[in-house]
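Please treat every number below as a calculation from the coordinates, not as lab data. Note that the structure is a prediction, hence the values are computed from the model and not measured. Note that we place each Cβ from the backbone using ideal geometry, even for glycine, and neighbour counts take in every protein chain shown.
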Amino acid sequence: MAKIMLVDDELSIKMAVEMIITDAGYSFCYAADGLQALAVFEKEQPDLVILDVMMAKLNGFEVCRRIREAGSKVPIIILSAKGDIVDKSIGFNAGADDYVVKPFSPEELLLRVEAQLRRQQWRVIPLNDTDIYTSGDLEIDFKRHDVKINGHAVDLTPKEFDILSYLALHPGVVFSKEQLQEYVWGENYTGELTSIAVFVRKIREKIENDPSKPKYLLTVWGIGYKFFKE
């Protein structure tokens, strides 16, 4: 049974999410603020975190960042009343995997949770039965979920790794935003396609010498993205 952790200082949200999660058969744990969240996360070791942004003591973006800095790859869904692209960019940059805007429907939240749990179970199958893929200065270790550029480790979020790996395993093949969205999040994902563009931009900032002139992760205008293998 997967354990879902909610971090939110609104009692009404806590009651609603707990009902959604437990009715679906999952275990539930809770923290009321950012500092408490870090302690509860360490103790409970949840399989997924639903994280509010605006909280006392420590905001959700900082909690997300600290969880990632500690090395955890647990799926994190940001829950916020703000829905503009700037806030989403901050959340994804902090290491979040998805973003749900309040108010939300129980069905939507549950779909997002289940999609993230499915993706957490995903393991990419490399070409030629090798664990390590190289292209120029880029090295992808599929078994360890590690990426290096010029021998230096690159800190990718789980979703960033999924997108890069999928494109790298199909060099030269153009994938639309819809196809990448369905592959990485699952066919029931209901998020915005702009999320893909945000993820691609963040990957480029981490693996490209000049993100404005990418060498590996290329845009095919009007269609989508492809990976160029040297």
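Before moving on, here are some points about what is shown:
- As a proxy for reagent exposure, ranking THR219, THR157 by other Cβ atoms within 10 Å from fewest up yields THR219, THR157.
- For the pair SER12 and GLN179, the difference between a 0.36 nm per residue extended length and the Cα-Cα distance amounts to 56.5 nm.
- Full extension of the chain between TRP221 and ASP23 gives 66.9 nm of extra length, using 0.36 nm per residue less the Cα-Cα distance.
- Beta bridges by DSSP in the chain, antiparallel share as percent, to the nearest 5: 50 percent
- By the count of other C-beta atoms within 10 Å, a proxy for reagent exposure, ASP97, ASP155, ASP162 are ordered fewest to most as ASP155, ASP162, ASP97.
- Neighbour counts of other Cβ atoms within 10 Å put LYS3, LYS226 in the fewest-to-most order LYS3, LYS226.
- Cross-link partners of LYS143 among lysines (Cα-Cα below 19 Å; sequence separation of 8 or more within a chain): LYS73, LYS159
- Contour minus Cα-Cα distance for LEU58 and LYS143 (0.36 nm per residue): 27.2 nm
- Within straight-line reach of LYS226, meaning a Cα separation under 18 Å, sit the following aspartates and glutamates at least 8 residues removed in sequence or on another chain: ASP137, GLU139, GLU160, ASP162, GLU178, GLU182, GLU205, GLU208, ASP210.
- Of LYS88/LYS177; LYS3/LYS202; LYS43/LYS82, pairs whose Cα-Cα distance is over 19 Å: LYS3/LYS202; LYS43/LYS82
- Residue-count net charge about SER212 - beta-carbon cut-off 15 Å; Lys, Arg +1, Asp, Glu -1: +3
- Alpha-carbon radius of gyration plus Dmax, which is the widest Cα pair, for region 127-227 in Å: 13.0, 37
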